[in-house]
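The values are calculated or read from the model by the stated rules, or taken from the named source; none is laboratory data. Small disclaimer: the values here were computed from a predicted structure and weren't measured. Note: ideal-geometry Cβ built from the backbone for every residue, glycine included; neighbour counts use all protein chains shown.
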Amino acid sequence: MNALHSSVHHSAVFDHPEMGEHEDIIFAQDRNTGLRAIIAVHDTTLGPALGGCRVWPYENPSDALTDALRLSRGMTYKNALAGLDLGGGKAVIIADPRKDKTAQMMEAFGRHVDRLSGTYITAEDVGVSPDDMESVARQTTHVRGTRATGLGDPSPYTALGIFEGIKASARHAFGTEDLGERTVSIQGLGHVGFDVARRLHEAGAGLIVSDIHAPLVLRAMEEFGATAVDPTATHSAPADIFAPCALGAGLNATTIPQISARIVAGAANNQLQTPADGAALKKRGILYAPDYAINAGGVISIALAKPGGGDELVLEKTMAIGDTLAAIFERADNEGSTPERIADRMAEERLAKARSA
Ligand code: NAD
């Protein structure tokens, strides 16, 4: 093989393990601002591909591509299961959000989004601020969650969906959604976790909380009478329900044997470290609310907000997360499967139906 062939072989994007059935992958550069971005459009069967833009200092473009491909596929499933008429996509910008990111860079990203004529619709994700999205919006209308198009911070809607999902989980595991006699341990009291804590407290639940940022823990103790635990002991705290609302991969071979709760239902993305961890939860008799099903309130609010409109439809679709979870749990029981596998299957079924229509 000569040098040309060998280099072509090594950069063969189509052989990428995460390539799947992605429709478009755009590598975008801008010489004036230093922008290097990858926009991945996974599937537009149900509509334009909606998914956030992440700014992250990836060690190399290959890691960025892997992340973009995985995240965009995840958005196809999330949007499909949430009942949205939207496909899945995601963008990543290879930059340190604190050091490299500029308004000009975000504008350049907006111009690249605009070239896709609405095939991809962007929004906020990790490393992107509301101001960044305003920069993007100066260059394209294919953006959601800005001051002009949005309902503002999606976190309260995510929290509402988590609360509805916790009730649906309780109904399935305990036969009642009454949380008055229940204790919930919440890991992470950020934008979503704190609001979940407030709703649970108002519903009469006892709270065990942790955060690596101490002032948030103190606030929850004062406002909700919560009991504080060390972040490393949140999953093993004596609670009926464990709500991971910090980072992903918290459910793994080390933590799962230590969980004392009967239910895991929280906001964090990618909670299962590996697919085997879902089976391990089931084996221990722990009911798991699939992360992308229960935390869809945020994307619902971004997708359905109308400029100047109210949030009735957003609330309706977010409240429906409880029904979706109930259907997932029932089917998982009937088929002897795990909830996260059933969630995937339900999303795939909706896509297959739309493709054959
Ligand atoms: P956030 O950054 O506001 O809050 C996360 C909190 O977790 C912070 O207060 C942080 O100090 C704390 N934390 C970090 N590591 C911890 C640890 N080891 N133990 C305990 N606390 C820890 O983020 P957020 O917007 O509240 O999102 C929380 C999770 O939900 C994330 O995984 C996010 O991807 C996911 N999510 C958020 C939304 C949304 O609308 N914001 C939507 C879907 C999913």
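Tabulated values for the structure
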{"quantity": "Top-ranked residue of region 271-289 - restricted to ones that are free of Cβ contacts under 8 Å to residues at least 24 places away in the same chain and either part of a loop (DSSP other than H, G, I, E, B) or closer than 14 Å to Gly336 by Cα (or both), ranked as nearest to the ligand (Cβ to nearest atom)", "calculated": "Thr274"}
{"quantity": "Residue within region 342-350 that is in a helix (DSSP H, G or I), under 17 Å from the mean Cα position of the chain (by Cα) and of a type in the set (Val, Ile, Thr) present", "calculated": "no"}
{"quantity": "Complete set of residues in region 208-251 that are in contact with an Asp or Glu (Cβ under 8 Å, 6 or more places away or on another chain), in contact (Cβ under 8 Å) with a residue 40 or more places away in the chain and farther than 14 Å from Val192 by Cβ", "calculated": "Pro231"}
{"quantity": "Count - residues of region 138-160 that are among the aliphatic types (A, V, I, L, M) and either at pLDDT below 95 or assigned by TED's automatic domain parsing to the domain that holds Ala68 (or both)", "calculated": "2"}
{"quantity": "Some residue of region 294-301 being in the same structural domain as Gln187 (by TED's automatic domain parsing) and away from the ligand (no atom under 16 Å from the Cβ)", "calculated": "no"}
{"quantity": "Odd one out for Arg219, checked against (1) over 22 Å from the mean Cα position of the chain (by Cα); (2) at positive phi; (3) within 15 Å of the ligand (Cβ to nearest atom)", "calculated": "(2)"}
{"quantity": "Residue identified as modelled with pLDDT under 95 and more than 30 Å from Met105 (Cβ to Cβ) among Glu164, Glu181, Glu202, Glu177", "calculated": "Glu181"}
{"quantity": "Conditions (1) part of a loop (DSSP other than H, G, I, E, B); (2) out of contact with any Pro (no Cβ under 7 Å at 6 or more places or on another chain); (3) within 21 Å of Tyr292 (Cβ to Cβ): number failed by Thr33", "calculated": "(3)"}
{"quantity": "Test: residue in region 240-252 that is among the acidic types (Asp, Glu), over 21 Å from Thr183 (Cα atoms) and assigned to a loop (DSSP other than H, G, I, E, B)", "calculated": "no"}
{"quantity": "Per-region count, region 19-30, residues assigned to a strand (DSSP E or B) and without any contact (Cβ under 8 Å) to a residue 40 or more places away in the chain", "calculated": "2"}
{"quantity": "Residue within region 57-71 that is more than 30 Å from Ile241 (Cβ to Cβ) and among the β-branched types (Val, Ile, Thr) present", "calculated": "yes"}
{"quantity": "Residues being within 11 Å of the ligand (Cβ to nearest atom) and in contact with a His (Cβ under 9 Å, 6 or more places away or on another chain) - total across region 231-244", "calculated": "1"}
{"quantity": "Residue tally, condition at pLDDT 95 or above and within 11 Å of the ligand (Cβ to nearest atom), over region 247-267", "calculated": "2"}
{"quantity": "Test: Ala214 is more than 13 Å from the ligand (Cβ to nearest atom) and either surrounded by 15 or more Cβ atoms within 10 Å (Cβ to Cβ) or not aromatic (Phe, Trp, Tyr) (or both)", "calculated": "no"}
{"quantity": "Some residue of region 269-285 being surrounded by fewer than 24 Cβ atoms within 10 Å (Cβ to Cβ) and of a type in the set (Ser, Thr, Tyr)", "calculated": "yes"}
{"quantity": "Test: residue in region 313-326 that is away from the ligand (no atom under 16 Å from the Cβ), over 19 Å from the mean Cα position of the chain (by Cα) and under 19 Å from Ala170 (Cα atoms)", "calculated": "yes"}
{"quantity": "Residues (farther than 23 Å from His42 by Cβ and either in contact with a strand residue (DSSP E or B) (Cβ under 8 Å, 6 or more places away or on another chain) or at pLDDT 95 or above (or both)) located in region 109-130", "calculated": "Pro130"}
{"quantity": "Subset of region 137-147 (residues that are out of contact with any Asp or Glu (no Cβ under 7 Å at 6 or more places or on another chain) and crowded, with 19+ Cβ neighbours inside 10 Å)", "calculated": "Ala137, Val143, Arg144"}
{"quantity": "Residue satisfying all of: in region 139-177; of a type in the set (A, V, I, L, M) and within 16 Å of the ligand (Cβ to nearest atom); nearest to Ile328 (Cα to Cα) among these", "calculated": "Ile166"}
